[in-house]
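For reference, the structure discussed in these notes is given below.
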Amino acid sequence: MEVVIVPDAKAGGELIAEAMAQLLRRKPDALLGVATGSTPLPIYQALTAKVRAGEVDASRARIAQLDEYVGLPTGHPESYRATVLREVVEPLGLDADAFMGPDGSAEDVQAACEAYDRALSEAGGVDLQLLGIGTDGHIGFNEPCSSIASRTRIKTLTEQTIADNARFFDGDLSQVPRHVITQGIGTILEARHLVLLATGEGKADAVAATVEGPVASVVPASALQLHPHATVVVDEGAASKLKLTQYFRHTFANKPEWQGL
Ligand SMILES: N[C@@H]1[C@@H](O)[C@H](O)[C@@H](COP(=O)(O)O)O[C@@H]1O
């Protein structure tokens, strides 16, 4: 696992967007796994700026969703499908058919989960999966004690996550869906490159447990330690509880340019 400490969220967004641009220059139809939440927004803004400046052609990129609420009406603005279309697909100038995600309004949720796992494999697998992290260490919506071998499935949100996400629902806890579909941790680990961005002191405990704690399902993001190509990008706040910061800064400062992220 590589840990990169950046000065702020904008720098993190720029660094990761450049890695995505490099991937698209190598593989124009790369399948990009995207995350929701506030943290990745600077990545999408930086990538969109690169596309508009003609630095990279994203016209053949494909976008895959990480997770979704269950039971929101189709087209609800806070559904993750609507969010990804608004924040990623449209700004990049892509059509909706470049996008794939699980159907959170399916009658048979389990079948929708299995269909999504199959669709990801049939699409050739995710090339680069962006991840945020919950204050409790969750990735996607894999809450603490999610199996590290889990596949895409339905989960129940913790009270902490419901409270954290209420800001997208007018601060009204009762509006936050209780159930979600999420790519499983085993599914996420199949992506070729995992890139987790965490910003702010509120994520410092979760980041420290992820990077320097044991691999344990109680900290779902710690499963990144099992992946051969995982990059954790953190700002100073999110890095503030790490012990090995000096080493992480040293390795990144001495990284060969050709190696990329
Ligand atoms: N399912 C999403 C996660 O994918 C995201 O990482 C997390 C953190 O969101 P934020 O970046 O807004 O803190 O929120 C939600 O729970």
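Tabulated data for the structure shown
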| item | result |
| --- | --- |
| Subset of segment 154-175 (residues that are in contact (Cβ under 8 Å) with a residue 60 or more places away in the chain, within 22 Å of Gln110 (Cβ to Cβ) and out of contact with any strand residue (DSSP E or B) (no Cβ under 7 Å at 6 or more places or on another chain)) | none |
| Filter result (of a type outside the set (Ser, Thr, Tyr), within 16 Å of the ligand (Cβ to nearest atom) and open to solvent by 50 Å² or more (accessible area, probe 1.4 Å)) within segment 31-70 | Leu41, Gln45 |
| In segment 71-124, the residues that are among the aliphatic types (A, V, I, L, M) and open to solvent by 30 Å² or more (accessible area, probe 1.4 Å) | Leu85, Ala96, Met100, Ala111, Ala115, Ala119 |
| Single condition Gln22 does not satisfy, out of (1) closer than 27 Å to Pro102 by Cβ; (2) part of a helix (DSSP H, G or I); (3) more than 15 Å from the ligand (Cβ to nearest atom); (4) not acidic (Asp, Glu) | (1) |
| Boolean, Asp127 is at pLDDT below 95, crowded, with 17+ Cβ neighbours inside 10 Å and either closer than 30 Å to Ala58 by Cβ or within 15 Å of the ligand (Cβ to nearest atom) (or both) | no |
| Qualifying residues in segment 220-261 (those that are without any contact (Cβ under 8 Å) to a residue 12 or more places away in the chain and part of a loop (DSSP other than H, G, I, E, B)) - the one nearest to Ala191 (Cα to Cα) | Pro228 |
| Qualifying residue in segment 234-244 (condition: touching a Gly at 6+ places or on another chain (Cβ under 8 Å) and not small (Gly, Ala, Ser)) | yes |
| Residue within segment 3-13 that is out of contact with any strand residue (DSSP E or B) (no Cβ under 6 Å at 6 or more places or on another chain) and part of a loop (DSSP other than H, G, I, E, B) present | yes |
| Among (1) at negative phi; (2) modelled with pLDDT of 95 or more, the one test that Pro73 misses | (2) |
| Answer residue from segment 161-176, given it is of a type in the set (S, T, N, Q) and within 10 Å of the ligand (Cβ to nearest atom) and is least open to solvent (accessible area, probe 1.4 Å) among those | Thr161 |
| Checking Ala115 against (1) within 16 Å of the ligand (Cβ to nearest atom); (2) out of contact with any Phe, Trp or Tyr (no Cβ under 8 Å at 6 or more places or on another chain), the condition it does not meet | (1) |
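The values are calculated or read from the model by the stated rules, or taken from the named source; none is laboratory data. No experiment lies behind these values; they were computed from the predicted model shown. FYI the Cβ positions are ideal-geometry reconstructions off the backbone, even for glycines, and counts take in every protein chain you see. Only protein heavy atoms, including side chains, enter the accessible area calculation; ligands, DNA and RNA are left aside. Shrake-Rupley method; radii C 1.70, N 1.55, O 1.52, S 1.80 Å.
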